[in-house]
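A.B. asks: Have a look at this one before I ask anything.
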Amino acid sequence: MHCISLPSPSLLLHSPSKTTSKLVCHVSPRMFFNDSNNNSSSDRNGNLNPINNIAKLLWGASLPPGLLISTVRTTWTSTWQAMMSQLAPSDPSGGYTRPPSKFRLDGQSPTAAITKLHLYVSLTCPWAHRTLIVRALKGLEEAVPVSVATHGFDGSWEFKDIPGKDNGMDNDILVPTMDKVNRCRNLKEVYKLRKGGYDGRVTVPMLWDVKNKEVVCNESYDIIEFFNSGLNGLALNPGLDLSPVELKEEIEEWNRVIYPNVNNGVYRCGFAQSQEAYDVAVTGLFSTLDRIDDHLGSSRYLCGDRLTLADICLFTTLIRFDLIYNVLFKCTKKKLLEYTNLHAYMRDIYQIPKVAATCNFPEIMDGYYQLLFPLNPGGIRPVMPAGCEHNFLSRPPNRESMSSVGKNLQHGL
Ligand SMILES: N[C@@H](CCC(=O)N[C@@H](CS)C(=O)NCC(=O)O)C(=O)O
């Protein structure tokens, strides 16, 4: 069992039929069960399928013997564990531990020598989504241009040129683009352009120093703090402060609760490698959502009347909740739709001008359901829940009356 040869980590993210390990790639449970409508010796793609034929010869219309099922099951479990340890490092209890970002700002603004910045993101990623929202609300689109990567077949972040969509928009929604500044094929190549190269994790978001060809930062919270206050000379909306001094402590308090239990909490559910680790994560997630829902019953935003960075960080997880986490990450206790206050709060933020344009739902769904192959080996993308569609999200949130100041004033727009 343990001596099967595993494909390289990048191949592990391929669809099963394209991997090199025969044991892993050609044995799918479906093949063991006789499909009465399929009498041919080839699969749906017309490929000859000898295992199917042998299985039919040996067992005809009946199920294969228990020994075979348990062997395949054990093999699959070992393979899954090997894949998950690459995708999601865990602690001894099987709990997901997110690796730290390598390039941090630690509260410092990048040096004045940096004159030209470029932002690399993907539309799937909730961490990158934070940077797109703050960039849009601050009016930094011109000052910090963006290249949008999409999920590649081998699990890498790739760039693609969509003819006719050179401005990176389709129907007013952001779409994947080519690498507009370095003309690389994928993000790994961009990271490698830095002096001394790069061998670590290639993650989005990533802020790039164009002139010096260097990674400035690849930690989303550092980037949004910097966008909020470090580029006011270039921002079209410098008056908007999403982290005012008087709310800093409160924002940090919310972040300390929301990051481990919700933002990273959904990943701790989805990437758990033991029942125990999942149970801990899912309990923390839903007790925190219950608490926030309660709080939002009498407060328009997390910190009262004003939208802050804490809201943006919560929003990018909420907008993916029913679409992805409820299903793929087994966050099943409740749908977000069942949380009256949280759902209205999410719609309230979605309806702030320029926010909806950062939410590309098909790209989010494709990214998760295809990229995270070990969680969804068949690669089938479920149908979009009706409650996640733009029309539904555009329903009135009816939360304005909770604020003591007018809507436009709060957003500083
Ligand atoms: N702590 C980082 C996390 C970034 C992150 O994990 N991004 C994911 C996409 S959602 C990624 O690029 N993963 C690729 C990999 O780990 O190889 C942040 O907040 O910026």
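A.B. asks: For segment 320-342, enumerate the residues that are part of a loop (DSSP other than H, G, I, E, B) and over 15 Å from Phe286 (Cβ atoms). Show your work before the answer.
C.D. replies: If we filter segment 320-342 for residues that are part of a loop (DSSP other than H, G, I, E, B), which is where we start, we get 320, 329-335, 339.
Arg320 - this is the single residue of segment 320-342 that is part of a loop (DSSP other than H, G, I, E, B) and over 15 Å from Phe286 (Cβ atoms).
A.B. asks: Exactly one condition in (1) touching a residue at least 60 places away in the same chain (Cβ under 8 Å); (2) exposed (fewer than 15 other Cβ atoms within 10 Å of the Cβ) is false for Ser156; which is it?
C.D. replies: (2)
A.B. asks: Take the residues in segment 91-105 that are touching a helix residue (DSSP H, G or I) at 6+ places or on another chain (Cβ under 7 Å) and not aliphatic (A, V, I, L, M); name whichever of them is farthest from the ligand (Cβ to nearest atom). Give the steps one after another, and end with the answer.
C.D. replies: Going residue by residue through segment 91-105, those that are touching a helix residue (DSSP H, G or I) at 6+ places or on another chain (Cβ under 7 Å) are 93-96, 98, 104-105.
The next check asks that each one be not aliphatic (A, V, I, L, M); those that pass are 93-96, 98, 104.
Working: Ser93: 21, Gly94: 19, Gly95: 16, Tyr96: 11, Arg98: 6, Arg104: 10 Å.
Among them, the one singled out is Ser93.
Condition check ((1) away from the ligand (no atom under 16 Å from the Cβ); (2) within 18 Å of Pro110 (Cβ to Cβ); (3) in contact with an Asp or Glu (Cβ under 7 Å, 6 or more places away or on another chain); (4) not basic (Lys, Arg)) across all residues:
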{"residue": "Trp208", "(1), (2), (3), (4)": "no, yes, no, yes"}
{"residue": "Ser220", "(1), (2), (3), (4)": "no, yes, no, yes"}
{"residue": "Ile223", "(1), (2), (3), (4)": "no, yes, no, yes"}
{"residue": "Lys248", "(1), (2), (3), (4)": "yes, no, no, no"}
{"residue": "Gln273", "(1), (2), (3), (4)": "yes, no, no, yes"}
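A.B. asks: Also, quick follow-up: If Phe103 meets every condition in (1) closer than 25 Å to Gly265 by Cβ; (2) among the aromatic types (Phe, Trp, Tyr); (3) touching a Phe, Trp or Tyr at 6+ places or on another chain (Cβ under 7 Å) apart from one, which number is that one?
C.D. replies: The one condition Phe103 does not meet is (3).
A.B. asks: Another question, if that's okay. Among the residues of segment 160-179, is there at least one that is closer than 22 Å to Asp106 by Cα, among the β-branched types (Val, Ile, Thr) and either away from the ligand (no atom under 15 Å from the Cβ) or under 16 Å from the mean Cα position of the chain (by Cα) (or both)?
C.D. replies: Our first condition is that a residue be closer than 22 Å to Asp106 by Cα; within segment 160-179, this holds for none.
Within segment 160-179 (the criterion being closer than 22 Å to Asp106 by Cα, among the β-branched types (Val, Ile, Thr) and either away from the ligand (no atom under 15 Å from the Cβ) or under 16 Å from the mean Cα position of the chain (by Cα) (or both)), the answer is no, since none of the residues qualifies.
A.B. asks: Condition first: surrounded by fewer than 23 Cβ atoms within 10 Å (Cβ to Cβ) and either part of a loop (DSSP other than H, G, I, E, B) or in contact with a His (Cβ under 9 Å, 6 or more places away or on another chain) (or both). Can you find one or more residues in segment 119-133 that meet it?
C.D. replies: Quick first cut of segment 119-133, residues surrounded by fewer than 23 Cβ atoms within 10 Å (Cβ to Cβ) only: 126.
Still in the list and also either part of a loop (DSSP other than H, G, I, E, B) or in contact with a His (Cβ under 9 Å, 6 or more places away or on another chain) (or both): none.
No, the conditions are met nowhere in segment 119-133.
A.B. asks: Between residues in segment 195-221 that are free of Cβ contacts under 8 Å to residues at least 60 places away in the same chain and residues that are more than 12 Å from the ligand (Cβ to nearest atom) and aromatic (Phe, Trp, Tyr), which pairs lie under 9 Å by C-beta distance while being six or more apart or on different chains?
C.D. replies: Short answer, once both residue conditions are applied: Glu214/Trp208.
A.B. asks: Those residues that are assigned to a loop (DSSP other than H, G, I, E, B) and touching a Cys at 6+ places or on another chain (Cβ under 9 Å), I need them from segment 179-196; list them, please. Show your work before the answer.
C.D. replies: Of all residues in segment 179-196, those assigned to a loop (DSSP other than H, G, I, E, B) come to 179-185, 193-196.
Residue satisfying the conditions is Leu193 alone.
A.B. asks: Further question on the same structure: Residue check: is Asp199 part of a loop (DSSP other than H, G, I, E, B) and not small (Gly, Ala, Ser)?
C.D. replies: Details: part of a loop (DSSP other than H, G, I, E, B): yes; not small (Gly, Ala, Ser): yes.
When the stated conditions are applied, Asp199 passes them.
A.B. asks: Filter segment 43-88 down to residues that are within 16 Å of the ligand (Cβ to nearest atom) and either surrounded by 14 or more Cβ atoms within 10 Å (Cβ to Cβ) or modelled with pLDDT under 75 (or both), then give me how many there are. If you could, list the steps in order and put the result at the bottom.
C.D. replies: The initial filter retains those residues of segment 43-88 that are within 16 Å of the ligand (Cβ to nearest atom), namely 83-88.
Filter again for either surrounded by 14 or more Cβ atoms within 10 Å (Cβ to Cβ) or modelled with pLDDT under 75 (or both), leaving 83-84, 86-88.
Number satisfying all stated conditions: 5.
A.B. asks: I'd like the full set of residues that are surrounded by 17 or more Cβ atoms within 10 Å (Cβ to Cβ) and touching a residue at least 60 places away in the same chain (Cβ under 8 Å), limited to segment 281-298.
C.D. replies: Once the filter is applied, which keeps residues that are surrounded by 17 or more Cβ atoms within 10 Å (Cβ to Cβ) and touching a residue at least 60 places away in the same chain (Cβ under 8 Å), segment 281-298 yields only Ala281.
A.B. asks: Moving to a separate point now. Which condition number in (1) within 16 Å of the ligand (Cβ to nearest atom); (2) surrounded by 15 or more Cβ atoms within 10 Å (Cβ to Cβ); (3) under 29 Å from Glu158 (Cβ atoms) is the one that Asn261 fails?
C.D. replies: So Asn261 meets the others, but not (3).
A.B. asks: So, one more: In segment 343-362, what residues are farther than 14 Å from Leu307 by Cα and not in a helix (DSSP H, G or I)?
C.D. replies: Looking only at segment 343-362, we keep the residues that are farther than 14 Å from Leu307 by Cα, and these are 343-344, 354, 356-362.
Lys354, Cys359, Asn360, listed by residue number.
A.B. asks: Which numbered condition trips up Lys116, out of (1) of a type in the set (Lys, Arg); (2) within 27 Å of Ile319 (Cα to Cα); (3) touching a strand residue (DSSP E or B) at 6+ places or on another chain (Cβ under 9 Å)?
C.D. replies: Exception for Lys116: condition (2).
The values are calculated or read from the model by the stated rules, or taken from the named source; none is laboratory data. This structure is a prediction, so every number in the text was calculated from the model and none was measured. In this analysis, Cβ positions are derived from the backbone assuming ideal geometry, glycine residues included, and neighbour counts consider all displayed protein chains.
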